[in-house]
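First the structure, in the form of C-alpha cells, and then the observations on it.
The values are calculated or read from the model by the stated rules, or taken from the named source; none is laboratory data. The shown structure was predicted, so the numbers you read here are calculated from the model rather than taken from an experiment. Don't worry about glycine lacking a Cβ; one is built from the backbone with ideal geometry, like all the others, and counts go over all protein chains shown.
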Amino acid sequence: MFLIVGSDSEIGGATAHAMQARGKQVAATTRRPERVAPGRPLLDLAAPLEGWEPPQGTRAACVCAAIARITDCAADPPGTARINVGQTLTLVERLLARDIYVLFLSTNQVFDGRMPHAPADTPHSPVSEYGRQKARTEAALLGLMARGAPVAILRLAKVVSPGMPLIASWIGNLSAGRPIRAFADMTLAPAPIHLVSAAITSLSEDRARGVFQLTGPRDVAYADMGRFLADHLGASPTLVEATSAREAGLPEGSTPLNTTLDSSLLRERYGLQASDVWDVVERVVAHALAESERVD
C-alpha cells in the first residue's frame with residue numbers, strides 16, 4: 001500500500017491517479033471531510049495527529065501536503081511553520097515508528113538561487129519564509145537519514161500540468177488580441193507533472209534514501225514564455241507586457257535568479273529527465289488548444 005499525504009494538492013492528486021493507473025494499491029489523504037471516501041482517508045495537518053493512524057498495510061508514504069505559497073508563508077510565519085515544520089515532522093515520526101518509508105517533497109526555495117543546477121549537497125541558503133521552513137524540515141530529516149531512517153527528500157521547482165491555468169488564460173487573451181502581463185524578473189525551469197509522479201513512484205517503490213532533485217534543464221523568464229506563446233499563436237509580440245515581480249510587491253525570495261537543480265541522480269538511476277522548457281510549454285499549449293476546441 002502506498003500512501004499519498006495530500007491528494008488535494010495538484011502533485012498528490014496526479015500521483016495517486018498515476019499509481020492507480022499502474023495497478024498500485026493507493027490511499028490518498030484529504031483534509032476536506034466532504035471528500036472522504038474508501039481509499040481517501042481524512043488527514044488534516046492543522047489538527048492534532050496523536051490519534052491518527054495510517055491505513056493498514058502502508059509500506060511507503062509521500063508527504064505532498066504543505067502550505068506552499070510564498071505569500072502565505074510570508075504573511076503568517078508562525079501559523080504556516082506549524083504545518084510545514086512542526087506537524088509535518090510529527091507525521092513523519094509517526095510513519096517511521098510504524099516502519100513506513102517516507103518521501104518528503106521539498107523545493108528549490110531552500111537555496112538562494114544564485115547558483116544554476118545547484119547540487120543536492122549544497123548548503124541551505126533560503127531567502128523566503130517558505131524556503132526557511134522547508135530547510136528546517138529538511139535539516140531534521142537529514143538527521144534522521146544519518147541515523148539510518150528510511151527517508152528521502154525530493155526537491156522540485158515549478159511543476160506544470162496539462163491544464164496549467166496561467167498558460168490557458170494567456171492563450172485565451174492572446175488569441176483574442178488582448179494583452180497579457182508577464183514578469184520579466186521571475187524565472188521557471190518547469191518539470192511536467194507526469195514526470196514528477198513517475199519520480200515519486202520510482203523512489204517509493206525502491207524505498208530509496210537520500211536527496212533527489214528534479215527540475216527542467218534551464219530557466220526562462222515568464223515574459224519570455226509569454227513571447228513564445230505569442231509567436232506560437234501568431235499573435236503580436238507587443239501584446240506581451242513585461243512587468244516586475246519585485247515592483248508588484250511579491251515577498252522576498254519570489255524572484256531567484258536560478259531555479260534549476262542538479263537532477264542527474266534521477267536521470268542516472270531511473271532515466272527520468274525533464275525536456276527543454278519550450279517542449280514542456282508546447283505540450284501544455286497543445287492540451288489547452290485541444291480543450292478549447294472540444295468545448296467549442
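Being touching a Leu at 6+ places or on another chain (Cβ under 9 Å) and in a helix (DSSP H, G or I) is the filter here, so list the residues in the stretch 102-133 that pass it.
Answer for the stretch 102-133, where residues must be touching a Leu at 6+ places or on another chain (Cβ under 9 Å) and in a helix (DSSP H, G or I): just 108.
Of the residues that make up the stretch 164-185, is at least one modelled with pLDDT of 95 or more and closer than 21 Å to residue 15 by Cα?
Scanning the stretch 164-185, I find no residue that is modelled with pLDDT of 95 or more and closer than 21 Å to residue 15 by Cα, so the answer is no.
Suppose we keep only residues that are part of a loop (DSSP other than H, G, I, E, B) and of a type in the set (S, T, N, Q) within the stretch 184-237. Which one would you say is nearest to the chain's Cα centre (by Cα)?
Once the filter is applied, the top-ranked residue is 215.
Quick test for you: out of 15, 107, pick the one residue that is under 14 Å from the mean Cα position of the chain (by Cα), at pLDDT 95 or above and more than 23 Å from residue 135 (Cα to Cα).
The conditions single out 15.
Can you pull out the residues in the stretch 141-157 that are closer than 24 Å to residue 252 by Cα and either at pLDDT below 95 or outside any strand (DSSP E or B) (or both)?
157
Are any residues in the stretch 23-38 without any contact (Cβ under 8 Å) to a residue 60 or more places away in the chain, part of a loop (DSSP other than H, G, I, E, B) and farther than 12 Å from residue 12 by Cβ, and if so, which ones?
Answer for the stretch 23-38, where residues must be without any contact (Cβ under 8 Å) to a residue 60 or more places away in the chain, part of a loop (DSSP other than H, G, I, E, B) and farther than 12 Å from residue 12 by Cβ: 23, 25, 32, 36, 38.
In the stretch 73-101, what count of residues is obtained for those that are charged (D, E, K, R), without any contact (Cβ under 8 Å) to a residue 40 or more places away in the chain and part of a helix (DSSP H, G or I)?
Residues in the stretch 73-101 being charged (D, E, K, R), without any contact (Cβ under 8 Å) to a residue 40 or more places away in the chain and part of a helix (DSSP H, G or I): 2 in total.
Conditions first: (1) touching a residue at least 60 places away in the same chain (Cβ under 8 Å); (2) out of contact with any Phe, Trp or Tyr (no Cβ under 9 Å at 6 or more places or on another chain); (3) farther than 20 Å from residue 133 by Cα. Residue 1 passes all but one, so which condition is the exception?
Failed condition: (1).
Every residue, every condition in (1) touching a helix residue (DSSP H, G or I) at 6+ places or on another chain (Cβ under 7 Å); (2) without any contact (Cβ under 8 Å) to a residue 24 or more places away in the chain; (3) crowded, with 20+ Cβ neighbours inside 10 Å, yes or no:
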site	(1), (2), (3)
183	yes, no, yes
189	yes, no, yes
202	yes, no, no
220	yes, no, no
232	yes, no, no
247	no, yes, no
251	yes, no, no
257	no, no, no
286	no, yes, no
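Would you pick out the residues in the stretch 39-70 that are of a type in the set (Lys, Arg) and either surrounded by 13 or more Cβ atoms within 10 Å (Cβ to Cβ) or not in a loop (DSSP other than H, G, I, E, B) (or both)?
Within the stretch 39-70, 40, 59 qualify.
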